[in-house]
Amino acid sequence: MNTREMFKRAVAGGYAIPAFNFNTMEQMQAIVMAAVETKSPVIMQVSKGARNYANGTILRNLAKGAVEYAKELGCEHPEIVLHLDHGDSFELCKDCIDNGFSSVMIDGSSLPYEENIALAKKVVDYAHQFDVTVEAELGVLAGVEDEVSAAESHYTKPEEVIDFSTRTGCDSLAISIGTSHGAHKFTPEQCTLVNGVLVPPPLAFDILHEIEKKLPGFPIVLHGSSSVPMEEVNTINKYGGHLEAAIGIPEEQLREAAKSAVCKINIDSDSRLAMTAAIRKHLAEHPGDFDPRQYLKPARENMKKMYIHKIVNVLGSDGKLAQ
Ligand code: G3H
Ligand code: 13P
Ligand code: ZN
């Protein structure tokens, strides 16, 4: 399904839909298990990097399998969106639309304003013919990932959002209010030490509220919303990893954002951390194991636990299936 009804209900209900990235079968399984157990709608998203890694055809069929799997797990009417994350060209979006994606993101956020509008509008005009919903982005997030990189962030300008959403016709708008991609969102110098814990600067809720005033009820998206749990970072470091100064977005702030028009929250890095922590722990404790199933099973369990936690305790999308 596309995101239209899902977002309408989420904005009205004061919760957010989880948008979890997946690159592997184990991530897909963990996402579906978590969504079914919590009776939550879910967005499964695929980046350009994921397509390069796993192959677009395989990922799309994994997503088809996800719907069947959810039914097999006992969910009669699963609500699953297959979404392209950070599409960077019309051609990539078109390819996904032509091949069964129900939602795409066109990320023209690094382009000049008018070019961002022109590109987003071109994707919207094409996508809407097939009832595929489109997320566009205004404002720049900091962070370096495989396919997404920007040295510094530029908050979304509230004075531009009406013009942008009207002229592009986009269905949802990703904004920049202080989140960023990856597991190193802030330097220790940007944080305050409270009871031995580094607390990052708060998100720009003033900008979010101004945007909400300009676009009442319009679906807003937050990227870069991993919280980088200390527990997983500590496990990785304990068992041979080396992650320094990994700092994410505090969950209380995401909970707060989910109550507003923020109706889609993107989480990828936390899944990577949960997977890596479980694999490192398992292999350190069972040095003789070499069957991937032996370490991928605990990895899948740990991701599922994390997804359930996000759904229930952070986003509040549990029990929100329409039927
Ligand atoms: O926002 C970016 C996502 O975390 C996807 O990352 O491009 O490394 O697959 P990726
Ligand atoms: P994180 O790196 O914080 O998980 O953000 C993921 C994201 O925004 C995917 O589009
Ligand atoms: Zn993103």
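Among the listed residues A204, A261, A277, identify the single one that is surrounded by 15 or more Cβ atoms within 10 Å (Cβ to Cβ) and within 16 Å of ligand 2 (Cβ to nearest atom).
A277
Could you say which residue among N55, N61 is free of Cβ contacts under 8 Å to residues at least 24 places away in the same chain, within 23 Å of L296 (Cβ to Cβ), away from ligand 1 (no atom under 16 Å from the Cβ) and among the polar types (S, T, N, Q)?
Result of the check over N55, N61: N61.
I'm told G217 meets every condition in (1) surrounded by 24 or more Cβ atoms within 10 Å (Cβ to Cβ); (2) more than 13 Å from ligand 2 (Cβ to nearest atom) except one. Can you identify the failing condition by its number?
(1)
Test E135 against the stated conditions and say whether it is among the charged types (D, E, K, R) and away from ligand 2 (no atom under 13 Å from the Cβ).
no
Quick check on my filter: what residues within the range 101-139 are open to solvent by 60 Å² or more (accessible area, probe 1.4 Å), outside any helix (DSSP H, G or I) and more than 24 Å from H154 (Cα to Cα)?
Selection gives Q129, F130, D131.
Yes or no, residue by residue, for (1) of a type in the set (K, R); (2) at pLDDT below 95; (3) open to solvent by 30 Å² or more (accessible area, probe 1.4 Å); (4) at positive phi:
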position: P188; (1), (2), (3), (4): no, yes, yes, no
position: V197; (1), (2), (3), (4): no, yes, yes, no
position: L222; (1), (2), (3), (4): no, no, no, no
position: I249; (1), (2), (3), (4): no, no, no, no
position: D268; (1), (2), (3), (4): no, no, no, no
position: R272; (1), (2), (3), (4): yes, no, yes, no
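Among the listed residues A19, A10, A50, which satisfies the condition of being more than 16 Å from ligand 2 (Cβ to nearest atom) and within 23 Å of A127 (Cα to Cα)?
The match here is A10.
Restricting to the range 82-95, and then to whatever is closer than 18 Å to F22 by Cβ and crowded, with 24+ Cβ neighbours inside 10 Å, can you tell me which residue is nearest to the chain's Cα centre (by Cα)?
D85
Restricting the first residue to the range 277-303 and requiring it to be hydroxyl-bearing (S, T, Y), which pairs with a second residue that is open to solvent by less than 70 Å² (accessible area, probe 1.4 Å) and part of a helix (DSSP H, G or I) meet a Cβ separation below 7 Å and a spacing of at least six or different chains?
Cβ pairs passing all conditions: Y295/I279; Y295/H282; Y295/L283.
Condition (residue is in contact (Cβ under 8 Å) with a residue 24 or more places away in the chain, in contact with a Cys (Cβ under 7 Å, 6 or more places away or on another chain) and farther than 22 Å from P78 by Cα) applied to the range 255-268: is it met by at least one residue?
There is no residue in the range 255-268 that is in contact (Cβ under 8 Å) with a residue 24 or more places away in the chain, in contact with a Cys (Cβ under 7 Å, 6 or more places away or on another chain) and farther than 22 Å from P78 by Cα.
Quick one: count up the residues across the range 259-292 that are out of contact with any helix residue (DSSP H, G or I) (no Cβ under 8 Å at 6 or more places or on another chain) and within 16 Å of ligand 3 (Cβ to nearest atom).
Adding up the residues that qualify gives 4.
Residues that are open to solvent by 50 Å² or more (accessible area, probe 1.4 Å), of a type in the set (S, T, N, Q), within 16 Å of ligand 3 (Cβ to nearest atom) and free of Cβ contacts under 8 Å to residues at least 40 places away in the same chain: does the range 149-157 have at least one?
Yes, there is a match, as at least one residue in the range 149-157 is open to solvent by 50 Å² or more (accessible area, probe 1.4 Å), of a type in the set (S, T, N, Q), within 16 Å of ligand 3 (Cβ to nearest atom) and free of Cβ contacts under 8 Å to residues at least 40 places away in the same chain.
The values are calculated or read from the model by the stated rules, or taken from the named source; none is laboratory data. This one's a predicted model, so the numbers in the text were calculated from it and none came from an experiment. Note that we place each Cβ from the backbone using ideal geometry, even for glycine, and neighbour counts take in every protein chain shown. Accessible surface is based on the protein model in full, side chains and every heavy atom, while ligands, DNA and RNA are left aside. Shrake-Rupley method; radii C 1.70, N 1.55, O 1.52, S 1.80 Å.
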